[in-house]
Amino acid sequence: MEKQFDVLALGELLIDFTENGLSGQGNPLLEANPGGAPCNVLAMLQKLGWHSAFVGKVGKDMFGRQLRAAAEEAGICMDYLVEDPRVHTTLAFVKTFPNGDRDFSFYRDPGADMMLREDELPLEALKSCRIFHFGTLSMTHEEVRFATKKAVGLAKKSGALISFDPNLRPPLWFDLEEAREQIAWGLSRCDILKIADNELEFMTGETDFDRGAALLKAQYPNIRLLNVTAGAEGSYCYSGEKKVFVPSFRLGGTIETTGAGDTFCACVLSNVLEQGLEDMSEKRLKAMLRFANAAAYLVTTRKGAIRSMPEREEVELLLSEH
């Protein structure tokens, strides 16, 4: 049966306030960038020609309206975005360091994204996607956790591939052991995993990527494609017995790293949509990582995420030049 969406993602949609210079009085100026990891992934998938939809909740306020407009502008189907009349849209204030790394301060106690309920899920849409993508920000609190787990189950039962990015944000968890438990649940359900180096260490205790990946693959044999992002170093891919590493693009001009991992994740999902998960040769895996690294680099040279995703042609031009 033909599916309605190539990728459906569930999770947070929020405003990232990022520094953008100083006022005449010397105060930091903050730019309200639309963001949230799942929608960042979908925005890049739209740039690559895929049809996507988002499931989540924002406040019935000016920021919620801004987020809906930005996502629709990116081409994402927002028919399943719920507006909460009582709880405001979640806000994140992002401090960017000279090397591009970030520190987050969240205004989310509560925030609308964590108020999504099971009875607000679009059941038919969840049964009609080729890939279902989620992270753990929709698992920090009980009610939205129930909704997330139900959504994963419905999509999986209907034949969708499950994509998971832990996207660990320690300040949002009351207890990091609970975070570990929920990440483990996601690991046990996914076919495609994108995990950052710090998250791999958090879950395995290993700083060696090969050993950490081997532990995850042994514990979670359901994971068919495992990608580890290592920031400025590059990215690793483990598929079957194959291991591939591709260095990152170090061409200068990095402003901030917001959305880089999500861009990488989207490019991997695009490759899977094009070619499936079977018979992934080393040559194909290297090409996949190279494209994903190039796209992620381009995003680091721009502010924000949803509105910063590169066109396919920009990525291909970068690859042809380097």
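Ordered by the count of other Cβ atoms within 10 Å of each Cβ, fewest first, Glu313, Glu2 give Glu2, Glu313. Measuring nothing but how far apart in sequence close Cα pairs (under 8 Å, 6+ apart) lie, relative to its length, the chain scores a relative contact order of 17 percent. Once you reduce the stretch 122-183 and the stretch 39-96 to the center of their Cα atoms, the two points are 17 Å from each other. Computed over the chain, the per-residue total of -39500 (n - 2.57) for DSSP H runs of n ≥ 4 gives a 222 nm mean residue ellipticity of -11500 deg cm²/dmol, rounded to 500. Take every Cα pair under 8 Å whose residues are at least 6 apart in sequence, average their separation, divide by the length of the stretch 169-319, and the relative contact order is 18 percent. Annotation for Ser23 and Glu233: the two label points, set 7 Å from Cα along the Cα-Cβ direction, are 4.2 nm apart. Placing pseudo-labels 7 Å out from each Cα toward the beta carbon at Arg250 and Asp175 gives an inter-label distance of 4.2 nm.
For the stretch 18-34, just list the computed ³J(HN,Hα) in residue order, Karplus coefficients 6.51, -1.76 and 1.60, θ = phi - 60°, integers in Hz, with x standing in for Gly and Pro. So the J values, rounded to whole Hz, are 10, 5, 9, x, 10, 6, x, 8, x, 8, x, 8, 10, 9, 7, 8, x.
Taking the three principal axes of the alpha carbon atoms in the stretch 98-155, the coordinate ranges are 45, 26, 13 Å, sorted in descending order. Using every pair of distinct Cα positions in the stretch 164-222, the Kirkwood expression returns a hydrodynamic radius of 11.6 angstrom.
A convex hull fitted to the Cα coordinates of the stretch 12-70 yields 99 cubic angstrom per residue.
Overall, the chain carries a charge dipole of about 460 debye about its Cα centre when +1 sits on the Cβ of Lys and Arg and -1 on the Cβ of Asp and Glu, all other atoms neutral.
Starting from the Cα gyration tensor of the chain, take the square roots of the eigenvalues, sort them a ≥ b ≥ c, and report rounded, prolate or oblate (rounded when a/c is under 1.5, otherwise prolate if a/b is larger than b/c, else oblate). Rounded is the answer for the chain, as its axis ratio a/c remains below 1.5. Computed from backbone phi with θ = phi - 60° and the Karplus coefficients 6.51, -1.76 and 1.60, the 3J(HN,Hα) list for the stretch 220-229 is 10, x, 5, 6, 9, 9, 10, 10, 10, 9 Hz; x is used for glycine and proline.
Say the dipole of the chain comes from +1 at the beta carbon of Lys and Arg and -1 at that of Asp and Glu; which of Leu226, Cys265, Leu161 then lies farthest toward its positive end? Toward the positive end, the furthest listed residue is Leu161.
Please label the shape of the stretch 15-115 as rounded, prolate or oblate, based on the square roots a ≥ b ≥ c of the eigenvalues of the alpha-carbon gyration tensor (a/c under 1.5 means rounded; beyond that, a/b larger than b/c means prolate, else oblate). Taking the square roots of the gyration eigenvalues as a ≥ b ≥ c, the stretch 15-115 is oblate. Rounded to the nearest Hz, the phi-derived 3J(HN,Hα) couplings of the stretch 52-61 under the Karplus curve 6.51 cos²θ - 1.76 cosθ + 1.60 (θ = phi - 60°) are 10, 9, 10, 10, x, 9, 10, x, 7, 8, where x marks glycine and proline.
Got a sec? How would Cys265, Cys237 order by Cβ neighbour count within 10 Å, fewest to most? Write down the numbers at each step before the final one.
Details: Cys265 29, Cys237 23.
Taking fewest neighbouring Cβ atoms as first place, the list is Cys237, Cys265.
Assuming charge only on the beta carbon of Lys and Arg (+1) and of Asp and Glu (-1), the dipole of the stretch 177-236 about its Cα centre is about 340 debye to the nearest 20.
Peptides 123-135, 245-257 ranked from most to least packed by the mean count of surrounding Cβ atoms within 10 Å: 123-135, 245-257. Taking N as the residue count of the stretch 194-322, its C-alpha radius of gyration divided by 2.2 N^0.38 Å amounts to 1.03.
Of Leu42, Leu273, how do they rank once you tally other Cβ atoms within 10 Å and put the fewest first?
Leu273, Leu42
Each Lys and Arg contributes +1 and each Asp and Glu -1, all at the Cβ; summed about the Cα centre of the stretch 1-75, the dipole is approximately 200 debye. Taking amide H as placed 1.01 Å from N in the peptide plane, the amide H of Thr89 sits under 5 Å from that of Gly59, Gly64, Ala112, each at least 5 places away or on another chain. Each peptide in 30-38, 79-87 was scored by the mean count of other Cβ atoms within 10 Å over its residues; highest first, the order is 30-38, 79-87. The value of relative contact order for the stretch 61-116, using C-alpha pairs under 8 Å at least six residues apart, is 31 percent.
Bear in mind that the values in this text are calculations on the coordinates, not laboratory data. All figures in this text were calculated on a predicted structure; none of them were measured in a lab. Ideal geometry is used to build each Cβ from the backbone, glycine not excepted, and the neighbour counts take in all protein chains shown.
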